[in-house]
Amino acid sequence: MAAIILFTDFGPAGPYLGQMESVLREIAPAVPIINLLSNAPVGNPRASSYLLAALRHSFSENSVFLTVVDPGVGSERKAVVLCADGQFFVGPDNGLLNTVAVQSERVQWFEITWKPEHCSMSFHGRDLFAPVAAKLSINSAQALLASIESPDLSTWPEDLQEVIYFDHYGNAMTGVRYQPRLAGRLLRANGMLIAQADTFSAVTEQQAFWYKNSCGLVEIAVNQGNAQQQLKLDLGVPISFSSH
């Protein structure tokens, strides 16, 4: 059975996740719900898109991702569904789904044409996206969607040479997927040159290094330390790699 995967910038506290989950359970009570991430970069669909594209690979085909990083909620931006390599992504047409699209082989876009009777101008996650995601998970969403042409993503980079996310430990994920050609190169961030290591134990305590993380992205860390604080990193800090 397909699962519904939540990816939001709502944060772990507050009523928003629970309100969305109540809608999902009412429409699709037998479908598992997984809260994958609730602290995506706040109001930053571009950075969030690279994180979503990396994390999706842990889930099977037919999974339905309910994605809400939506600073333009209530505006003229479209509400869309992306079908990418057999997975479904429901959310705003604001760039959040673009990286999944450019990194996928089979892509089809749909606009959500259904309008709920009651729809808050500030909470489309609950009132619009959640019902569509629930119906997709039980194969009853066809009447809610209209096929549209794929947007022109020819200038959207497949990888983003920036810091896009900090985890609980202060490790800094980047929007760059690890490739063998990067092996052994120095990473530059904030004017610092950082060497590669395969594991935390391969470097001394308090030493900074970069590595391929568990979802395939280049990540910056400090062994037994907090890279965000100690290296003074922020979201959007550019990174680059030395030539061999």
If only one of Pro92, Pro45, Pro41 is touching a Lys or Arg at 6+ places or on another chain (Cβ under 7 Å) and surrounded by 15 or more Cβ atoms within 10 Å (Cβ to Cβ), which one is it?
Pro92
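Results for (1) open to solvent by less than 60 Å² (accessible area, probe 1.4 Å); (2) more than 24 Å from the chain's Cα centre (by Cα); (3) modelled with pLDDT under 95; (4) under 30 Å from Pro45 (Cβ atoms), shown as yes or no for each residue.
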residue	(1), (2), (3), (4)
Tyr165	yes, no, no, yes
Met173	yes, no, no, yes
Arg181	no, yes, no, yes
Ala202	no, yes, no, no
Lys212	no, no, no, yes
Gln230	no, yes, no, yes
Considering only the range 102-142, how many residues are in contact (Cβ under 8 Å) with a residue 60 or more places away in the chain, aliphatic (A, V, I, L, M) and farther than 14 Å from Leu82 by Cα?
3
Selection from the range 63-91 of residues that are in contact with a helix residue (DSSP H, G or I) (Cβ under 9 Å, 6 or more places away or on another chain), outside any strand (DSSP E or B) and closer than 21 Å to Pro41 by Cβ:
Val69, Asp70, Pro71, Gly72, Val73, Gly74
Cβ-Cβ under 6 Å, sequence separation 6+ or interchain: first residue in the range 150-165 and among the small types (Gly, Ala, Ser), partner open to solvent by less than 50 Å² (accessible area, probe 1.4 Å). Which pairs?
Ser150/Trp109
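The values are calculated or read from the model by the stated rules, or taken from the named source; none is laboratory data. Fair warning: this is a prediction, and the values are worked out from it, not measured in the lab. FYI the Cβ positions are ideal-geometry reconstructions off the backbone, even for glycines, and counts take in every protein chain you see. Please note that ligands, DNA and RNA were not included when accessible areas were found on the heavy atoms of the full protein model with its side chains. Shrake-Rupley method; radii C 1.70, N 1.55, O 1.52, S 1.80 Å.
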